[in-house]
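Read the structure below first, then the notes.
The values are calculated or read from the model by the stated rules, or taken from the named source; none is laboratory data. Everything numeric in this text was worked out from a predicted model, so none of it was measured. Using ideal geometry, Cβ is built from the backbone for each residue, glycine included, and neighbour counts are taken over all protein chains shown. Surface areas here come from the heavy atoms of the whole protein model, side chains and all, with no ligands, DNA or RNA. Shrake-Rupley method; radii C 1.70, N 1.55, O 1.52, S 1.80 Å.
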Amino acid sequence: MPCKTQRLRAARILSEHGWLENAVLEIAADGKIAALLVGGDFDLDLGDNWLMPALIDSHVHGAAGFDTMDASSNALDEISMHFARFGVGAFLATTVTAPMPAIAAALTEIRRSRERGLPGAELLGSYLEGPYFTAKCCGAHPVQWMRPLDMSELQSWLDIAGDSLHTVALAPELAGSDEAIAWLRRKGVRVLIGHSDASYDQTLHALQMGAQGIVHCYNGMRGLHHRDPGVVGAGLTTDGCDVEMIADGHHVHPAAVKIALSCCGEERLLLITDAMRATGMSDGAYQLGEMQVTMQNGVVRTEAGGLAGSTLHLIDAVRHAQKWLGLPLERAWALASRNPARSLGLADLGSIAIGKKASLTLISPDLAVVGTWVQGRRVV
């Protein structure tokens, strides 16, 4: 945390209520935004650059050769710094389906690292993606490690992770899903539907039981058919259902992203990366959990040819949203800042307003990341 107030002057600041030109943002000693002024004195001139609310990656596995499943404090530190270099101020460290001890080790390290703090982007907690999925929609999750839902097992994850367990993804067609969803929601854990062959009715029922959204829409789930709307149909047409989207041009066609926006509006669509350790690296062989994968021309695939996470940076997803959806920057940016903050229940992140955390991304007018602040501290 900073030991004294800071006043940052930028050519433009995207506040919660719109753009401020030639404005000053004051950061208090507690790392929160103390004032927003047009004109006035400042300590640091950021030139022609623009201050934005920091991006939030709410579904990401790794980057820079490191992965959440490494269960290593050094890995999480390196991931945190890599994300910060690309404008991300906070993230959920996401696991994959793996042997139980491997998942337990990852959750343990996430809890410990969250408690001590990371050098770059803030670690918000853990996202348990698997092992409670359906083999038919496995994606890059090894079928041999998928398991039936078990309440005592869910309790053990909560015991290991403590209050750092933020999100659990599951397939609602599994036996016991009603009980699991209701129990997790009572414990304050966000539940998403993913890697699922659920019908439209099963998906809708899970959302009514308390599930809050669908994992990387279109991928790893029963798709939309005019006589069988499936998970996609239920997710796109249900009010209040958050819809994750990997806008890299490989996982989802730009037109399909536009269809999702038409259904969801700008409030329910969440840009994510689902990035893994090959992000920011050169082509070659990599490990994703228990699985060997290969990256070629920036696209990661399993031996069977399926997509295995992405190498997307969230700032690029914003650029794609601008281009594909015809959105102005501030509205495209909100899909990766305001919306994930709301979905995660983080009232002090996601926008620039007095009293919120001073987690900020500084960009040039051509959307190059120039700097990142995390709770008032410049980390890049």
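Structure values in brief
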{"read-out": "Test: residue in the stretch 70-83 that is part of a strand (DSSP E or B) and either within 28 Å of residue 338 (Cα to Cα) or of a type in the set (Val, Ile, Thr) (or both)", "value": "no"}
{"read-out": "Positions within the stretch 201-254 being without any contact (Cβ under 8 Å) to a residue 60 or more places away in the chain, touching a Gly at 6+ places or on another chain (Cβ under 8 Å) and of a type in the set (Gly, Ala, Ser), in sequence order", "value": "223, 230, 235"}
{"read-out": "Residue in the stretch 84-98 that is in a helix (DSSP H, G or I), open to solvent by 30 Å² or more (accessible area, probe 1.4 Å), at pLDDT 95 or above and within 30 Å of residue 53 (Cα to Cα) present", "value": "yes"}
{"read-out": "Helices (runs of 4 or more DSSP H) contained entirely in the stretch 150-261, each with at least 3 residues that are farther than 21 Å from residue 56 by Cβ and among the polar types (S, T, N, Q)", "value": "151-161, 200-209"}
{"read-out": "Residue count for the stretch 262-282, restricted to those that are assigned to a loop (DSSP other than H, G, I, E, B) and either over 16 Å from residue 211 (Cα atoms) or modelled with pLDDT under 95 (or both)", "value": "12"}
{"read-out": "Any hit, the stretch 290-300, residues being open to solvent by less than 60 Å² (accessible area, probe 1.4 Å), more than 17 Å from the chain's Cα centre (by Cα) and free of Cβ contacts under 8 Å to residues at least 12 places away in the same chain", "value": "no"}
{"read-out": "Any chance residue 197 is touching a Lys or Arg at 6+ places or on another chain (Cβ under 8 Å) and open to solvent by 10 Å² or more (accessible area, probe 1.4 Å)", "value": "yes"}
{"read-out": "Those strands (runs of 3 or more DSSP E) lying entirely in the stretch 12-64 with at least 1 residues in contact with a strand residue (DSSP E or B) (Cβ under 8 Å, 6 or more places away or on another chain) and polar (S, T, N, Q)", "value": "18-27, 55-60"}
{"read-out": "Matching residues in the stretch 149-188 - criterion: being of a type in the set (Phe, Trp, Tyr) and open to solvent by less than 30 Å² (accessible area, probe 1.4 Å)", "value": "157"}
{"read-out": "Filtered residues of the stretch 118-148 (kept if over 22 Å from residue 275 (Cβ atoms), of a type outside the set (S, T, N, Q) and not in a helix (DSSP H, G or I))", "value": "132, 146, 147, 148"}
{"read-out": "All positions within the stretch 328-380 that are polar (S, T, N, Q), open to solvent by 10 Å² or more (accessible area, probe 1.4 Å) and in contact with a helix residue (DSSP H, G or I) (Cβ under 8 Å, 6 or more places away or on another chain)", "value": "351"}
{"read-out": "Residue check, residue 270 touching a strand residue (DSSP E or B) at 6+ places or on another chain (Cβ under 7 Å) and in contact (Cβ under 8 Å) with a residue 40 or more places away in the chain", "value": "yes"}
